[in-house]
Every structure is written in C-alpha cells, then in structure tokens.
DNA sequence: TGGCAACTGTTATGAAACATAACTATATTT
DNA sequence: AAATATAGTTATGTTTCATAACAGTTGCCA
C-alpha cells in the first residue's frame, strides 16, 4: 500500500479516538495535565509531588514511622529513605529515636517545615482552583466519588 | 513534645484526609490502581502501556511519522525512538521511507502487529470492564467529560 | 543559485520514580 | 537462647522522561 505514503506527508492531526474510548486513557491525559501544572506550582518551594505529599502526611500524622509513611505513599521503603533524607537535610522534618522501639524513627515536621508547607499548600490550593475551576461543586464531588470507587476496584485485584 | 512518641509506636492507620481534599491526589490514587491492573493485563502480550498506546495509534493512523506519534503521545522524540525500535524489531510495525520527504519514516502496523493488538485490545476491554464495572453508563460518561475539561484546563497553562 | 534556517530521526547523557536483594540493628517469638 | 520478624539502610537495576548535540534533508530567501 504505497498510497498511505501520500497521507503521511501532511496528516493534519492524528486521531486517538480508539484510545479515547478507554476511561484509563482519559484519566492518564487529565492526570498528566494536572501533574505538570502541580510541578510548576511546587517548583518555587523546591518541592516535588512526592516531597509535598510526604511533608503533608508527616504534618498530619506526627510521630509516624518511615514504614508507615512508605505504605501510605505506596512507595517502597528503600525509595522513601532518599525522600526523608532530603526533607531532614533541609531541616523540614526531624528523625527522632523512639525509646520504646529503637529500630524506628518518629518523623515530625519542624517549625520551618510547617512554614514552608503552609505556603506550598496555599499555592496548591490555587493550582487546584485553576485546574478544577470550571467544575461545579457537585461535579467535583461526583468526580472524587467516582475516582474513589475506581481506586477501590483496583485494590481487590493486587 | 515527647508525647508523640507514644502514638508513634502503634499508630493504627495514618490519615491522608488533607490530601483527599485535593482532586489531583484522588486522580493519582485512582490512576495508579488502573495503571497497575493495566500493566498486569498487557504483560501476557509483552506490551507496556506506552507500547500498547503506540501500537493503537499506528494502527489507527497508518503512515504517520515518528514526530507525529511522539506529539500525540506527549513523549519527546528521543524517547519515542526506543519504543518504535522495539515494535519494529518485534515485527509489529514497519518503518517505511517516504519518497516525498526522505527525512521522515512512515509507520505502519504489520499483519502480525494487528493480530497481537486485536488480542491485547480485547484484554484491555475486559480490564476496563472490571475496573469501571461498578459505574453506570451515565456515570462513566460524566467522568470522561469531567476529565476532558480538566485536561483542557491544563493545556492553556503550558 | 547559494547559503542559512528549520525539521526528522538519532545518539548520548542524566534525572526521577520505582523495584529487588541483602545487610545491620533491634524486637519478638518459641 | 535460638530462630524469626521488623525498621531502616545500601547497592543495584529498570523504566519513564528531559535536554543537548549531531547528520541528513528540506525549505526559504536574499
């Protein structure tokens, strides 16, 4: 079929209609857009998505261990070490020894960490308002509810 | 505050309530679940998410160039080379020279590629039915519509 | 017509996220 | 006390994604 060669030269726009029929493809495309904008939002704070998530979870769950944090973030423990290392080196969290179990560290946010997180959280809120600004309150609630159902569907099939 | 140490020992479950208030966080969690199940679905065909996407786009847009495919997949051209290399080496697609522009390759799916894709697409359909099975038709349509609006919000802010 | 700019595909390289195996230190179980 | 399990760590490798630089080709335009 050398006829396709003609249409290859200047195909106006390629079609992803087949993939658009898959919910997962639309999820990926939307998440990529949100993810890219979130990265730009966090850059001024020297945070990435993972470090922002870790910082928030430490702030909300003072004293949790690295294993607990790793499980909450669905990250393997070895990979969490570098994240915690970075946050501790920057003075945003502390690794405190636990007397009752000297294997574990109790992670806590510092005053400086809380201050940085407050600013970052405000910026992330603004980012969400921009990305989801077109959605009605009810539509956003329905979206989250549907996403949670999908997430639960996957948990049964690990 | 050495009091936190006590609760650190056996915190029953850590809370991600703050993050759950962010749409993006729920999107990531749901997408991770779908993505993991999709990877398991494609494994028997020796395909990953990216190679399945590329194969589908080549099948639907015969003769497209690597640049066009890269743009459609939101992948940088250097990274697409390895994907196309793999598909071509496996005999699933062909790289044909275009006489009118000898810089570009026209990508086309082979008979064997189409046969593999047919099986994979059927499996992906079953995977979608399982993951989205709990959703009503209207709910699924609303989800896709909302996701597309979010995706469009991001495109204005690159 | 000749030369400069732009584009296609490619190589090399590095960063980031994620996974596994193996180790040390401590705790738990038996 | 010995065997087993757990927390954190190190080392290592894979995958995805980004950037710079290059050769070959095309298009522009002066």
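Every number in this text was worked out from the coordinates using simple rules, so none of it is lab data. Quick caveat: nothing in here was measured; it's all calculated off a predicted structure. Glycine gets a Cβ as well: all are built from the backbone with ideal geometry, and neighbour counts include every protein chain shown.
Quick notes
- Cα-based helix-to-principal-axis angle, A:23-42 vs chain A, degrees rounded to 10: 50
- For the rotation that carries chain B onto chain A, the axis lies closest to a Cβ at B:31, 3, where the number is the distance in whole Å.
- Exposure proxy ranking, count of Cβ atoms within 10 Å, fewest first, for A:56, A:110: A:110, A:56
- Region A:47-124: C-alpha pair distances exceeding 20 Å, %: 23
- Its DSSP H runs of at least 4 residues, each contributing -39,500 (n - 2.57), put the calculated 222 nm mean residue ellipticity of the protein assembly as shown at -20500 deg cm²/dmol, to the nearest 500.
- The angle between the Cα long axis of helix A:77-89 and the main principal axis of chain A comes to about 70°, on a 0 to 90 degree scale.
- Neighbour-count order for B:93, B:83, A:150, fewest beta carbons within 10 angstrom listed first: B:83, A:150, B:93
- Restricted to Cα atoms, region A:99-158 shows a radius of gyration and a Dmax of 18.4, 51 angstrom.
- Length-normalised contact order of chain B in % [C-alpha pairs under 8 Å, at least 6 apart]: 20
- Compared with the dominant Cα axis of chain B, that is its longest principal axis, helix B:137-155 is turned about 80°.
- Direction-averaged projected area, Cα convex hull, region B:1-136: 13.3 nm², rounded to one decimal.
- Cα pair count fraction exceeding 34 Å, expressed as % - the protein assembly as shown: 35
- Remark: B:112, A:86 ranked as B:112, A:86, counting other beta-carbon atoms within 10 Å and listing the fewest first.
- Per residue of peptide A:43-54, the mean number of Cβ atoms on other chains within 10 Å of the residue Cβ is 1.
- Distances from residue B:67 to itself in the other copies, using label points 7 Å out along the Cα-Cβ axis, amount to 5.4 nm in increasing order.
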